[in-house]
Amino acid sequence: MITFGLDTFGDVTNDRDGHPLSHAQTIRNLVEEGVLAEQVGVDFFGIGEHHTPDMPLSAADVVLAAIAARTSRIHLGSAVTVLSSDDPVRVFQRYSTLNAVSDGRAEVILGRGSSIDSFPLFGYDLADYEDLFEEKTNLFAELLKGGPVTWQGKTRSSLHEQDVVPHTEPFPAWIGVGGSPQSVVRAAAYGFSLMLAIIGGHPSRFAPFSKLYLQALQRFGRDPLPIGVHSPGHVAATDEQAREEFWPHYRELITRLGKTRGFAVPTEESYAHEVGPHGALFVGSPETVAQKIAATLRVLQASRFDLKYGMGGLSHSSLMTTIELYGTQVVPRVRELMD
Amino acid sequence: MRIAVLGAGHVGPVIARLAVAAGYDVSIAASGDPQDIALIAEFLAPGAEPRWAADAVGDADLVVLAIPWHRFTSLDPGPLAGKVVVDAMNEWPPADSPTGTSEHVAEKLSGAQVVKTLNHIAYHEMEEPRGRALGVAGDDPAAVGVVATFIERLGFDAVRVGDLAAGRLLEPAGPVFGLALTRSEFEQAGGLL
């Protein structure tokens, strides 16, 4: 079965006059967005951990718990949890607790962290980037098994027959992969589902990653596990409106991030390409976005699509429109196309 | 010509795949056992042979360094002596202004001919070169020529920018980093005209 999610990085939104809202108001609005996501039939709502003034959602699980209290069906999770700079035991406890309060609706998507603000914040050294994720993924996989845990590594104290509480039902755990093939193999090795974060270029370029993952699962003697896709987008009544609303904020963000991550500065031409059928931006009318999602799910053998909505500077009301159109029009249309 | 790509992360397999497509004999190596990257090579760079780094480098005419910057310090310079080495790495986290990373690489890899290129294009944009301009910088003109031919066969337009010191132009925070440019746009942005 195909499931559909909405992910947000909790960007600070603007009010009607274009002024940024406070962090507190942004967080309160986020709860409303999660509640609306359930009302319009979306299957999953995810919050990506960030630690910057323009993305202040540093404690996603607290917000998810607030949404859990006001919903009954939608799954709630991280998108992603930066596991490298967190304690796997604590992450497991927080999401187990979320699983309990939500009556079994928690999920967790673990990532290495493409934004690295959490490393200096929590006292981790980027030189240990690969080791931290490898070890902590390994420990998290042990914790998910549910019994007492015995574990030894370099990046935190060892555990011996440790009973980690609370005990709850198992919950889905994914590894978010931006382009690291080792992370794909690691997900298969430890039995995590694979969430492909596709933020630029033709989604089909990730098709070899899906094949690699499925083959690696076999190699490790595991049953098939789902592949998901996370991509940014924005939905409005018409293609033109969606593109116009999204463009200035996208240009501003990518220009800023590009300085440190090697992204090209977007031009109107590159933007037109990314929002077109061969790009990674799911921006447009419900029909345009649905067609693109269906094509992406097919080419990547994926059964889950998470639209990462929102972008610093957009208004809360335009995000609510995206959520409503996604749930009421895009998702049913994709289901129809995939039948 | 035989190519050894060191690194099987985001960047290495993409370069290996392009090199295989360009008709080169390509091997790919990570820091450990080639078996660990066999699946990665099979699916992401079919045709490239996974090998131990020392073996891959030993047989290669040209070595591409596509390993994380913080891993470079633990790279054994010995086997690279006498080789043409492409430095595709960047300092990470990035500095506010260019710091001459390839000059540091050349200093450590004494005996190798270090050429800086492929560092200022995102890995997911390498897949479709379409004649995009890439700067090439090195202290040895012959090595620069070898590397320029290599990246042109991959599908890029090689723009010679001078020696490694001049190659600071290609670093993060420099004027061409991350930009999709034609040759003339590159020359203009880089102040080469």
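The values are calculated or read from the model by the stated rules, or taken from the named source; none is laboratory data. Being a predicted model, the structure only gives us computed values, none of them experimental. Here the Cβ positions follow ideal geometry from the backbone for every residue, glycine too, while neighbour counts run over all protein chains shown.
Taking each residue of the stretch A:43-57 that is in contact (Cβ under 8 Å) with a residue 12 or more places away in the chain and looking for partners that are assigned to a strand (DSSP E or B) and among the basic types (Lys, Arg) with beta-carbon atoms closer than 9 Å, six or more apart or interchain, yields A:Asp43/A:Arg304; A:Phe44/A:Arg304; A:Gly46/A:Lys308; A:Gly48/A:Lys308.
Take the residues in the stretch A:99-121 that are assigned to a strand (DSSP E or B) and within 13 Å of the chain's Cα centre (by Cα); name whichever of them is nearest to the other protein chains (Cβ to nearest Cβ).
We begin by selecting, within the stretch A:99-121, every residue assigned to a strand (DSSP E or B); these are A:106-111.
If we keep only those that are within 13 Å of the chain's Cα centre (by Cα) too, we end up with A:107-111.
Details: A:Glu107: 26, A:Val108: 23, A:Ile109: 19, A:Leu110: 18, A:Gly111: 14 Å.
Out of the qualifying residues, it is A:Gly111.
Taking the stretch B:157-193 as the range and being within 14 Å of A:Val265 (Cα to Cα), hydrophobic (A, V, I, L, M, F, W, C) and either under 17 Å from the mean Cα position of the chain (by Cα) or outside any helix (DSSP H, G or I) (or both) as the test, the residues that pass are B:Ala173, B:Val176, B:Phe177, B:Leu179, B:Ala180, B:Leu181. When every residue of the stretch A:200-207 is checked against the conditions, at least one turns out to be within 17 Å of A:Gly276 (Cβ to Cβ), surrounded by fewer than 20 Cβ atoms within 10 Å (Cβ to Cβ) and more than 9 Å from chain B (Cβ to nearest Cβ).
Conditions (1) touching an Asp or Glu at 6+ places or on another chain (Cβ under 6 Å); (2) surrounded by 19 or more Cβ atoms within 10 Å (Cβ to Cβ); (3) within 11 Å of chain A (Cβ to nearest Cβ), marked per residue:
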residue	(1), (2), (3)
B:Val5	no, yes, no
B:Val11	no, yes, yes
B:Asp25	no, no, no
B:Leu39	no, yes, yes
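Taking the listed residues A:Ser72, A:Ser58, A:Ser96, the one that is assigned to a helix (DSSP H, G or I) and hydroxyl-bearing (Ser, Thr, Tyr) is A:Ser96, with no other qualifying. Checked against (1) free of Cβ contacts under 8 Å to residues at least 60 places away in the same chain; (2) of a type outside the set (Asp, Glu); (3) at the interface with chain B (Cβ under 10 Å from one of its Cβ atoms), A:Ser210 passes all but condition (1).
Within the stretch A:257-269, can you find the residues that are of a type outside the set (Gly, Ala, Ser) and either closer than 14 Å to B:Ala189 by Cβ or modelled with pLDDT under 85 (or both)?
Correct list: A:Leu257, A:Lys259, A:Thr260, A:Arg261, A:Phe263, A:Val265, A:Thr267.
Of the residues making up the stretch A:285-311, just one is within 24 Å of A:Val108 (Cα to Cα) and among the acidic types (Asp, Glu), namely A:Asp306.
When the stretch A:254-309 is examined, which residues are found to be away from chain B (no Cβ under 14 Å), over 24 Å from A:Tyr213 (Cβ atoms) and of a type outside the set (D, E, K, R)?
First, pick out the residues of the stretch A:254-309 that are away from chain B (no Cβ under 14 Å): A:275-277, A:282-299, A:302-309.
Then keep just the ones that are over 24 Å from A:Tyr213 (Cβ atoms); that gives A:275-277, A:283-291, A:309.
Once the filter is applied, which keeps residues that are away from chain B (no Cβ under 14 Å), over 24 Å from A:Tyr213 (Cβ atoms) and of a type outside the set (D, E, K, R), the stretch A:254-309 yields A:Val275, A:Gly276, A:Pro277, A:Val283, A:Gly284, A:Ser285, A:Pro286, A:Thr288, A:Val289, A:Ala290, A:Gln291, A:Tyr309.
As a summary of the residue check, A:Glu130 satisfies the conditions (1) within 14 Å of another protein chain (Cβ to nearest Cβ); (2) in a loop (DSSP other than H, G, I, E, B) except for the one numbered (2).
Specify the residue that is surrounded by the fewest Cβ atoms within 10 Å (Cβ to Cβ); the eligible residues are those in the stretch A:175-194 that are within 12 Å of chain B (Cβ to nearest Cβ) and over 19 Å from A:Ser231 (Cα atoms). Let's see the steps before the verdict.
First, the residues of the stretch A:175-194 that are within 12 Å of chain B (Cβ to nearest Cβ): A:177-186, A:188-189.
From what is left, the residues that are over 19 Å from A:Ser231 (Cα atoms) are A:182, A:185-186, A:188-189.
Values: A:Gln182: 20, A:Val185: 24, A:Arg186: 20, A:Ala188: 24, A:Ala189: 17.
Ranking the qualifying residues of the stretch A:175-194, first place goes to A:Ala189.
Restricting attention to the stretch A:221-276, the residues that are among the β-branched types (Val, Ile, Thr) and free of Cβ contacts under 8 Å to residues at least 24 places away in the same chain total 5.
Residue-level check: of (1) over 27 Å from B:Glu91 (Cα atoms); (2) part of a loop (DSSP other than H, G, I, E, B), A:Tyr124 misses just (1).
Annotation for the stretch B:6-28: no member residue is touching a Lys or Arg at 6+ places or on another chain (Cβ under 7 Å) and part of a helix (DSSP H, G or I).
Yes/no per residue for (1) in contact (Cβ under 8 Å) with a residue 60 or more places away in the chain; (2) within 14 Å of chain A (Cβ to nearest Cβ); (3) not in a helix (DSSP H, G or I):
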site	(1), (2), (3)
B:Ser31	no, yes, yes
B:Asp36	no, yes, no
B:Phe43	no, yes, no
B:His70	no, yes, no
B:Asp76	no, no, yes
B:Pro93	no, yes, yes
